[in-house]
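In what follows, a single structure is set out as structure tokens and then discussed.
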Amino acid sequence: MNVKKVKLADIDPRIDGRIRPVDDGVAQIYAESFLERGQDTAIEVRYGSGEEGVPKFILVAGGHRYRAAQIAGWDALDAVISKLNADEARLKEIDENLLKHELDVLSRARSLYERKEIYLRLHPETRNGVNQHSGFATVANPAPAVPRFAVDAADKMGISERTIHGYIALYRALQPETVRALQGTTLADDRAELLYIGKIEHEIEQVVLVKRALEAGKKPSELGEEKVAPIPTEAMWLAMGRKAAAKIIKMDAPVQRVLLEELVKAGLISRDQIVRGALAS
């Protein structure tokens, strides 16, 4: 293994986009170890784009060690320079994190969803409907068999293909804004609630209900089952514009009530308008 000393200034850590967020508390422990014993394990980096004015390397593995070096006041770390491309490096990061049991349900689902996208880019011959015997392989020199994504992932994680598909289906049902809102919350590790949220097909409905539930300290399923007062009729919604009204009218009553509160907060509608609409119904 070829280990070199690499300056932190020459590394793009891409901390915000990492599967496993860097915890400063954990990094502090690493930093104390660095100062006491030195660096035991090298980080892994890959070459960057080579463009002028950008870091020479991109971090592949070692987010906490990189942050620890900053806390310790170091300006360089021991690093292994790999020849992985962007997709290969991301796949490696995902696989390392999937093997860690502390990932919550949402992070695991997100990781598997992204892993599938990358895996199919790297191995397009494994897509459904693709003839895996086409290409440059010959009878004398057959191409090595590459397993389907679900087979490969299930084998690495030690779970069934059905479970792999279940995680991916769960993630696909969530809106990007919903995922951002849920990350780091207790709901992110509540499979039943994530499945409940995913059944809300209307994108606005799903996001608003989740944010409202988080503000209220309740589960979305609890908020969705609350009894609410009657809301304004279709005539009142039409005052907001026919296109917006067409979407809102299709929402379930509890979610309409939540959306009203959000519109009031945003200053798009007043409580007086809500009352007048209700009285006119």
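The values are calculated or read from the model by the stated rules, or taken from the named source; none is laboratory data. This one's a predicted model, so the numbers in the text were calculated from it and none came from an experiment. Positions of Cβ are backbone-derived with ideal geometry, glycine not excepted, and every protein chain shown enters the neighbour counts. What goes into the accessible areas is simple: the full protein's heavy atoms, side chains included, and nothing from ligands, DNA or RNA. Shrake-Rupley method; radii C 1.70, N 1.55, O 1.52, S 1.80 Å.
Can you tell me which residue in the range 1-16 is nearest to A86 (Cα to Cα), limited to those that are assigned to a helix (DSSP H, G or I) and open to solvent by 80 Å² or more (accessible area, probe 1.4 Å)? Taking the candidates together, the pick is D16. Here the range 195-234 is the region considered, the condition is being modelled with pLDDT of 85 or more, in a loop (DSSP other than H, G, I, E, B) and at negative phi, and the residue that is least open to solvent (accessible area, probe 1.4 Å) is I200. In the set (1) over 26 Å from G198 (Cα atoms); (2) under 15 Å from the mean Cα position of the chain (by Cα), the condition left unmet by S111 is number (1). Scanning the range 179-194 for residues that are surrounded by 14 or more Cβ atoms within 10 Å (Cβ to Cβ), over 10 Å from the mean Cα position of the chain (by Cα) and closer than 17 Å to K218 by Cβ returns A181, T185, L187, A188, D189, D190, E193, L194. Considering the conditions (1) in a helix (DSSP H, G or I); (2) of a type outside the set (V, I, T); (3) open to solvent by less than 80 Å² (accessible area, probe 1.4 Å); (4) touching a helix residue (DSSP H, G or I) at 6+ places or on another chain (Cβ under 7 Å), L35 is excluded by exactly one of them, (3). With respect to (1) surrounded by fewer than 20 Cβ atoms within 10 Å (Cβ to Cβ); (2) more than 26 Å from Y167 (Cβ to Cβ), the lone exception for A42 is condition (1).
Among the conditions (1) closer than 21 Å to E96 by Cβ; (2) of a type outside the set (S, T, Y); (3) open to solvent by 70 Å² or more (accessible area, probe 1.4 Å), the only one that A79 does not satisfy is (3).
When I19, I58 are checked against the criterion of being buried (at least 17 other Cβ atoms within 10 Å of the Cβ), touching an Asp or Glu at 6+ places or on another chain (Cβ under 7 Å) and closer than 28 Å to D189 by Cβ, I19 stands alone in meeting it.
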